[in-house]
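**Q** Handing you a structure now.
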Amino acid sequence: MMKQVYCALGIAMAALLSACGSLQSIPAAKVPAAVAANGVALSQTRPTKDEVNSRAYEIPEHSAFVQQTSGGSAAVGVLLGPLGVLANSMNIDRLTQNMGESGKSSALYQLDARQEAMAAIGDELGRLNADSAKDKVTLKPYLMYFVADEKVGIQVQLHLRAESFVSEEGQSKPWVGEYVVLLRDALPVSTLTSQDPASLHTLRGDIKAGYRELLDEMAKDFSVGALPRRDIAWVISPVLGIGMPGDIEYNALGHMVLRSQWGRYNLVIFQNKSSYNFTNGPVPREQG
């Protein structure tokens with residue numbers, strides 16, 4: 001049900017975009033030059049729940065979170081109005097909390113996103129760094145275990161929250177970029193009560209490989225020179241909510257990469273073709 005609702009909302013938003021202006025009106029997604037020039041470093045602090053998602057369930061001291069949206073439908077708000085939205089929201093929050101609590105004995109909760117990211121890319125951050133930079137872009141790794149449909153399972157998202165500052169109108173303002181990999185294989189919901197060490201070993205390998213893939217894309221963002229020519233599309237996926245417009249391309253592994261200025265700078269790698277759809281485009285970005 002949720003997939004159909006998200007699809008319908010995505011189509012409606014894409015239609016609105018088409019009515020109000022073409023995909024060509026979407027600005028190219030890019031990291032500000034002043035930010036890219038600073039290089040990166042792993043943050044000494046973990047991301048807070050408010051920085052990630054205030055409605056998620058937090059696994060303390062592991063930089064990992066659980067979020068589910070299958071406990072309600074966006075259609076409830078349309079049918080029942082504001083009270084329906086409130087009731088639906090409360091139901092989703094209650095079920096998210098219950099789902100998070102159910103995993104306390106799971107091997108899944110042993111994973112620490114900060115430790116996994118350090119093991120995967122800690123020694124490789126230097127290739128993004130400028131020798132003269134003093135104020136590095138700080139990276140906060142975290143994991144999101146996301147459930148939009150229990151039949152699909154737990155979709156594992158790897159995140160690097162990038163934080164820096166940019167100068168606008170003579171003032172220094174925060175800049176945030178969200179770098180995400182959606183792993184190819186979803187986990188069965190039963191993983192929340194499993195203690196299978198073999199499955200944990202496999203997942204840990206996928207996480208390390210995912211973080212290395214994410215760093216490769218970040219290196220493109222932090223490189224000097226003109227932006228490459230990319231296609232533009234409106235992408236929908238349960239992990240994107242109603243969807244997101246932006247620049248797309250396929251990396252060396254054949255995975256679709258979305259870059260978007262939707263609210264803030266976002267980069268999302270979809271390892272599985274079935275985890276996303278296009279509702280407008282893709283079309284080549286016209287020469288400006």
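**Q** In whole Hz, with x marking every Gly and Pro, tabulate ³J(HN,Hα) for segment 44-59 from phi via Karplus 6.51 cos²θ - 1.76 cosθ + 1.60, θ = phi - 60°.
**A** Result, rounded to whole Hz: 7, 10, 8, x, 7, 4, 5, 5, 8, 5, 4, 9, 7, 8, 9, 8.
**Q** Now, a different point. Taking the alpha-carbon distance from LYS220 and a cut-off under 28 Å, which lysines remain once sequence neighbours fewer than 8 residues away in the same chain are dropped?
**A** LYS30, LYS134, LYS136, LYS140, LYS173, LYS208, LYS273
**Q** Another question, then. Using amide H atoms built 1.01 Å from N in the peptide plane, name the residues 5+ places from GLY39, or on other chains, whose amide H lies under 5 Å from its own.
**A** ALA130, VAL137
**Q** How do the peptides 243-252, 98-107 rank, highest first, by the average count of neighbouring beta carbon atoms within 10 Å per residue?
**A** Ranking, from highest mean packing down: 243-252, 98-107.
**Q** With all protein chains present and a 1.4 Å probe, how do ASP123, ASP216, ASP221 order by accessible area, largest first?
**A** If we order ASP123, ASP216, ASP221 from most to least accessible, we get ASP123, ASP216, ASP221.
**Q** Heavy-atom accessible area of ARG229 with all protein chains present, probe 1.4 Å, nearest 10 Å²?
**A** Accessible surface of ARG229 is approximately 130 Å².
**Q** Next question. For SER274 and ARG55, compute 0.36 nm times the residue count separating them, minus their Cα-Cα distance, and round to one decimal in nm.
**A** 76.2 nm
**Q** Normalise the Debye intensity by I(0) for segment 160-288, one equal point scatterer per Cα, no solvent, then take log10 at q = 0.09, 0.18, 0.22, 0.23 Å⁻¹ and round to two decimals.
**A** Each listed q corresponds, in turn, to -0.32, -1.10, -1.41, -1.47.
**Q** I've got another one for you. Extending each Cα 7 Å along its Cβ direction at HIS201 and THR45, get the distance between those two points in nm, one decimal.
**A** Result: 3.8 nm between the two label points.
**Q** State the dimensionless ratio Rg/Rh of segment 93-195 (Rg: radius of gyration of Cα atoms; Rh: Kirkwood radius).
**A** Checking Rg against Rh, the ratio lands at 1.09.
**Q** Let me ask something else about it. Any idea how far the Cα center of segment 154-198 sits from the one of segment 230-281, in Å?
**A** 15
**Q** On to the next question. With r as the distance between the Cβ atoms of THR193 and VAL166 and R0 = 45 Å, compute the FRET efficiency 1/(1 + (r/R0)^6) and round to 0.05.
**A** So, using R0 = 45 Å, E works out to roughly 0.50.
**Q** Oh, and also: Using modelled backbone amide H atoms (1.01 Å from N, in-plane), which distant-in-sequence or interchain residues come within less than 5 Å of GLU124's amide H?
**A** Sorted by chain and number, the residues that satisfy this come to none at all.
The values are calculated or read from the model by the stated rules, or taken from the named source; none is laboratory data. From a predicted model like this one, the values you see are computed outputs, not experimental measurements. Quick reminder, even Gly has a Cβ in these numbers, built from the backbone with ideal geometry, and neighbours come from all protein chains shown. With ligands, DNA and RNA removed, areas are computed over all heavy atoms of the protein, side chains included. Shrake-Rupley method; radii C 1.70, N 1.55, O 1.52, S 1.80 Å.
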